[in-house]
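A.B. asks: One structure, pasted below without further comment.
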Amino acid sequence: MIRVGIIGFAHGHVFRYGGEWNAHPEYGVQIAGGWDRDEARCKEGCEKLATVPFESLEALLASDISAVVISSETSFHAEYVELAAAAKKDIILYKPMALHMSEADRIVEAVNKNGVKFTMGWQSRTDPQNIKMREIVQNETLGKVCHYRRRHGLSTHTWADFENSWHSSPVYNRDIFADDSSHPIDMMHWVFGMPETVSCEMTTMANPKVVNDNGVALFKYENGMIAEITCSFTTVASEITTEIYCTGGSVQQYYGDATSTSMPRPEGQPGLKWMKVGDKEWTDSGIESPDAHAKRLDAQAVYFANYLKGEGPAVCTAEEGRDSLRLVLACYLSAREGRRVSVWDERIYGI
């Protein structure tokens with residue numbers, strides 16, 4: 001049984017996969033305690049996950065746990081990873097990796113220096129439909145990919161008091177684009193690898209206190225493929241999530257993000273389908289879309305558990321996480337410059 005400690009309860013996703021560990025002891029993970037810099041939040045979080053609160057982070061790391069989940073505010077990620085790695089604890093770090101590239105470098109260095117296991121948490125990498133799309137792309141099942149589009153949305157403008165949450169804080173999390181565009185951008189990175197350039201526009205539409213609630217980024221790859229990442233955090237209804245246009249066919253995915261998953265669905269509508277050149281009708285993947293987005297969060301529990309037990313790969317390595325952060329921050333550089341930029345531009349370190 002892997003004994004895990006929780007460092008920070010700011011990011012609510014920990015209650016989903018943590019709850020799955022509690023509900024399924026056969027996964028082999030026991031939540032042995034938790035700590036948060038906010039005492040009240042620590043108490044509430046530990047009660048939700050039926051575990052014991054620790055008075056200090058030092059006490060938690062000195063206990064008999066062998067791994068930690070870091071789900072604090074983003075601004076504390078590098079510090080907490082360094083402390084956990086120095087204590088020789090394996091690490092699950094929730095997204096996004098960090099606020100700045102220098103912090104991501106510290107995370108990579110701490111993990112490698114101390115030889116601990118490390119994985120980022122991304123539900124997009126553990127979703128069965130996304131895994132299937134990656135397989136189609138990498139096997140060239142439908143030929144060469146010419147254009148990829150991923151739409152990602154939330155309706156944060158309808159969430160009570162969201163403007164005052166840490167998610168909207170420039171100190172703790174930069175802004176909502178930095179926080180949540182990281183999902184589709186990391187998925188693109190996971191499927192296609194690193195692009196060469198990006199051109200991005202961001203804007204603030206619904207609430208001036210929730211900065212950059214809409215943004216579109218166009219990434220271009222060495223082979224000429226264009227990947228479009230469209231993020232709107234003012235989305236109240238949607239259906240289609242992913243489009244992949246290839247020389248030999250096309251892929252369409254529905255109900256792939258939180259907004260679309262909650263929508264009513266036409267009877268018989270496949271969640272993931274494709275059509276090859278010459279086909280007369282779409283092929284249904286047969287992979288069901290969950291009826292609640294939270295179930296995608298639940299599904300991470302098995303992947304994390306298997307990795308900690310040495311029975312599966314990391315969902316996302318520290319180096320991959322750093323590169324995904326680079327892509328997000330490249331969007332800011334492009335928007336600031338008002339032009340296309342290289343994703344390897346060293347000025348990204350100044351963002």
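A.B. asks: Quick one: angle between helix 128-138 and the longest Cα principal axis of the chain, in degrees between 0 and 90, rounded to 10, please.
C.D. replies: 60
A.B. asks: Right, something else. Looking at this model, which pairs from Lys89/Lys113; Lys144/Lys276; Lys95/Lys144 are more than 21 angstrom apart at the alpha-carbon?
C.D. replies: On the way: Lys89/Lys113 13 Å; Lys144/Lys276 12 Å; Lys95/Lys144 31 Å.
Checking Cα-Cα distances, Lys95/Lys144 exceed 21 Å.
A.B. asks: Now, a different point. Need the full-extension length gain, Lys309 to Ile131, defined as separation in residues times 0.36 nm minus the C-alpha distance. One decimal, nm.
C.D. replies: Values: separation 178, 0.36 × 178 = 64.08 nm, distance 2.19 nm.
Roughly 61.9 nm would be gained on extension.
A.B. asks: Report, in debye and to the nearest 20, how large the dipole of the chain comes out about its Cα centre when Lys and Arg carry +1 and Asp and Glu carry -1 on their Cβ.
C.D. replies: Numbers: 35 positive and 48 negative charges, 103 e Å.
Computed about the Cα centre, the dipole is about 500 debye.
A.B. asks: Taking C-beta distances below 4.7 angstrom as the pairing criterion, name the unpartnered cysteines of the chain, in sequence order.
C.D. replies: So, Cys42, Cys46, Cys146, Cys231, Cys246, Cys316.
A.B. asks: If you roll a 1.4 Å probe over the chain with all protein chains in place, what percent of the accessible area is carbon or sulfur? Display every interim value, and only then the final one.
C.D. replies: On the way: 7350 of 14530 Å².
Carbon and sulfur atoms account for 51 percent of the accessible area of the chain.
A.B. asks: Can I ask one more? For the charge dipole of the chain, defined by +1 on Lys and Arg C-beta atoms and -1 on Asp and Glu C-beta atoms about the Cα centroid, which residue among Gly143, Val4, Thr204 has the Cα displaced farthest towards the positive pole?
C.D. replies: Highest projection toward the positive end goes to Gly143.
A.B. asks: Take Glu58, project a point 7 Å from its Cα along the Cβ direction, then tell me which residues of region 23-41 have their backbone nitrogen under 19 Å from it.
C.D. replies: Inside the label zone: 34-39.
A.B. asks: So in the chain, what percent of DSSP beta bridges are antiparallel if you round to the nearest 5? Kindly include the intermediate steps, with their values, before the conclusion.
C.D. replies: On the way: 35 of 61 bridges.
Counting DSSP beta bridges with both partners in the chain, the antiparallel share is about 55 percent.
A.B. asks: Among Trp159, Ile226, His13, which residue has its Cα furthest toward the positive end of the charge dipole of the chain, with +1 on Lys/Arg Cβ and -1 on Asp/Glu Cβ?
C.D. replies: Ile226
A.B. asks: Just tell me which aspartates and glutamates come within less than 14 Å, Cα to Cα, of Lys132; anything on the same chain fewer than 8 places away is out.
C.D. replies: By straight Cα distance, Lys132 reaches Glu140, Glu243, Asp284, Glu288.
A.B. asks: Here is a further query. Pick out, from Val68, Gly45, Gln253, the residue whose Cα sits farthest towards the positive end of the charge dipole of the chain, with +1 on the Cβ of Lys and Arg and -1 on the Cβ of Asp and Glu.
C.D. replies: Of the listed residues, the answer is Gln253.
A.B. asks: Expressed as an acute angle from 0 to 90° and rounded to the nearest 10, what is the orientation of the C-alpha long axis of helix 77-86 relative to the principal long axis of the chain?
C.D. replies: 50
A.B. asks: Now for a different question. Using the heavy atoms of the protein chains alone and a 1.4 angstrom probe, what is the accessible area of region 181-252 per residue in square angstrom?
C.D. replies: Numbers: 2620 Å² over 72 residues.
That works out to 36 Å² per residue.
A.B. asks: Calculate, for region 24-135, the solvent-accessible area per residue in square angstrom, rolling a 1.4 angstrom probe over the heavy atoms of the protein chains. Mind showing how you got there, number by number?
C.D. replies: Values: 4370 Å² over 112 residues.
Here the residues of region 24-135 average 39 Å² of exposed surface.
A.B. asks: If you place +1 on the Cβ of every Lys and Arg, -1 on the Cβ of every Asp and Glu, and leave all else neutral, what size is the dipole of region 265-313 about its Cα centre, to the nearest 20 Debye?
C.D. replies: On the way: 7 positive and 8 negative charges, 31 e Å.
Taking the Cα centre of region 265-313 as origin, the dipole is about 160 debye.
A.B. asks: Taking the chain as a Gaussian network, Cα atoms linked when under 10 Å apart, which of Ala87, Ala59, Ala301 shows the biggest mean-square fluctuation?
C.D. replies: Per the Cα network of the chain with a 10 Å cutoff, Ala59 tops the list.
A.B. asks: Taking a label point 7 Å from the Cα of Gln30 along the Cα→Cβ vector, which residues of region 298-321 have an amide N closer than 16 Å to it?
C.D. replies: 309
A.B. asks: Using a basic spin-label model with each label point 7 Å from the Cα along Cα→Cβ, how many nm lie between Ala206 and Asp38?
C.D. replies: Rounded to a tenth, the inter-label distance reads 2.0 nm.
A.B. asks: What dipole magnitude, in Debye to the nearest 20, does region 193-282 give about its Cα centre under +1 on Lys/Arg Cβ and -1 on Asp/Glu Cβ? Before the final figure, lay out the partial values.
C.D. replies: Working: 6 positive and 11 negative charges, 23 e Å.
Charge dipole, region 193-282, about its Cα centre: 120 debye, nearest 20.
A.B. asks: Output the relative contact order of the chain, whole-number percent, from Cα pairs under 8 angstrom with separation of 6+ residues.
C.D. replies: On the way: 734 pairs, mean separation 64.5, N = 351.
Worked out over the chain, it gives 18 percent.
The values are calculated or read from the model by the stated rules, or taken from the named source; none is laboratory data. Everything numeric in this text was worked out from a predicted model, so none of it was measured. Positions of Cβ are backbone-derived with ideal geometry, glycine not excepted, and every protein chain shown enters the neighbour counts. Please note that ligands, DNA and RNA were not included when accessible areas were found on the heavy atoms of the full protein model with its side chains. Shrake-Rupley method; radii C 1.70, N 1.55, O 1.52, S 1.80 Å.
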